[in-house]
1. Being in contact with a helix residue (DSSP H, G or I) (Cβ under 9 Å, 6 or more places away or on another chain), modelled with pLDDT of 95 or more and crowded, with 17+ Cβ neighbours inside 10 Å: is that true of residue 228 here?
2. For residue 21, are the conditions met, namely being surrounded by fewer than 18 Cβ atoms within 10 Å (Cβ to Cβ), assigned by TED's automatic domain parsing to the domain that holds residue 140 and within 23 Å of the chain's Cα centre (by Cα)?
3. Within 16 Å of the ligand (Cβ to nearest atom) and either more than 22 Å from the chain's Cα centre (by Cα) or farther than 28 Å from residue 224 by Cβ (or both): is that true of residue 284 in this structure?
4. For segment 292-305: of the residues being surrounded by fewer than 22 Cβ atoms within 10 Å (Cβ to Cβ) and within 16 Å of the ligand (Cβ to nearest atom), which is nearest to residue 339 (Cα to Cα)?
5. Would you please list the contacts, defined by Cβ atoms under 6 Å and residues six or more apart or on different chains, that run from a residue in segment 224-240 that is on the phi > 0 side of the Ramachandran plot to a residue that is within 12 Å of the ligand (Cβ to nearest atom) and not in a strand (DSSP E or B)?
6. When segment 216-231 is examined, which residues are found to be in contact with a strand residue (DSSP E or B) (Cβ under 8 Å, 6 or more places away or on another chain), within 6 Å of the ligand (Cβ to nearest atom) and in a loop (DSSP other than H, G, I, E, B)?
7. Mind checking which helices (runs of 4 or more DSSP H) fall wholly inside segment 282-394 and carry at least 2 residues that are closer than 20 Å to residue 268 by Cα?
8. Just one of 212, 202, 241 is within 15 Å of the ligand (Cβ to nearest atom) and under 30 Å from residue 22 (Cα atoms); which is it?
Ligand code: SF4
């Protein structure tokens, strides 16, 4: 029996998330891994609707041309509405297809999907290993399993299981390799700023996404990772990691690990192998400030191996605010990390966080933090509890939007703000502007093609306007 499988990354609905794609658009790695779990005798296609103009039309066209037997959606919580709408359309068009949803939202809030009549199956946890099991059962004609991973729509026992914690992470060996060839690789890029005086052929090089570890032992309270991974940390061996880096065609690699540098010895070995094997690529990754301060030599080695930019969740330079995030990091550690990266010549992407209860003074303090961390790429998010976590349940009665899942994008507050929403987002956009003015690209006098320069400025202005206008997305905005 050969089945036709369509795996779909849905579109985003809110304007600010769409604008963000002008700067970073990574391949649907999760779906590529899911595809890797399906035996090659089946026909698999990936439909990426994340940045297309008419997603519903393209989706319906794919259904009519491809007529899949199995349709699988992935998605974050802010894409759940789109998943449910597409699933209903698919159910009408192909009533006999097996329609399923997996991904983060299915894992943290399965009940939300179980009530959708377009879906048959909600898959929790790691999707690649789940696919191996699902297709093995289908191939031998057995009923689809119903357990902590596979929840059935319209089944009372699945409803009761949906209230439990996410299933444990599988062993790394059970996670399949991504099938990267299933997407058009020319679609995916990340802005790359370059070093002082560098002349870049493009500001938007093709970029491959790669995962070398999963999970994180830390407990930042705004983050869903420890809830999903239950404090576990799965790691790929340095040898396998470097083999994969070597095997992808792209010269630019974005590591999407939750926290790549948790195990310094593993990461040191990866960098050594990259140097020994003469692999010359450029890398972006995330790291914690305390890891940078503790192991500066590790990052010196990585700079030699090609690390261009580190995303660091600094969140704040204020002790009380950091404590409120349960970050386990002092402001001084954040400051030292900024200095170390500057000395090492590794670019900094500083992620800072605004709290809904921020008043004018708090915004002014964060503005001072921007002055300290720049020149750097600087981004801002708004503190929100993650769906499915105990913090979400704690605040559930306080949410200010009718569909909090759709608004969970780290830009839209789902909690009440102290400042009126319009003023709150005006201050939020001002922070972004302050950061944009001190962009490393400007400071480094990097030369890029004129069309990329124009596109970047245009995208930056559109993004700033979208941030300032976020308050209009709320009913009765003022
Ligand atoms: S924010 Fe980063 S360090 Fe904190 S728990 Fe999440 S992954 Fe770990």
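The values are calculated or read from the model by the stated rules, or taken from the named source; none is laboratory data. All values derive from a computational prediction rather than experimental measurement. All Cβ positions, even for glycine, are placed from backbone atoms using ideal geometry, and neighbour counts span all protein chains on display.
1. Working: in contact with a helix residue (DSSP H, G or I) (Cβ under 9 Å, 6 or more places away or on another chain): yes; modelled with pLDDT of 95 or more: no; crowded, with 17+ Cβ neighbours inside 10 Å: yes.
Spelling it out, it is not the case that residue 228 is in contact with a helix residue (DSSP H, G or I) (Cβ under 9 Å, 6 or more places away or on another chain), modelled with pLDDT of 95 or more and crowded, with 17+ Cβ neighbours inside 10 Å.
2. When the stated conditions are applied, residue 21 passes them.
3. no
4. Among them, the one singled out is 293.
5. Between residues of segment 224-240 that are on the phi > 0 side of the Ramachandran plot and residues that are within 12 Å of the ligand (Cβ to nearest atom) and not in a strand (DSSP E or B), the close pairs are 231/217.
6. 216, 220
7. Working: elements: 289-294, 296-305, 319-324, 331-344, 360-373.
Qualifying helices (runs of 4 or more DSSP H): 289-294, 296-305, 331-344.
8. Just one listed residue meets the conditions, 212.
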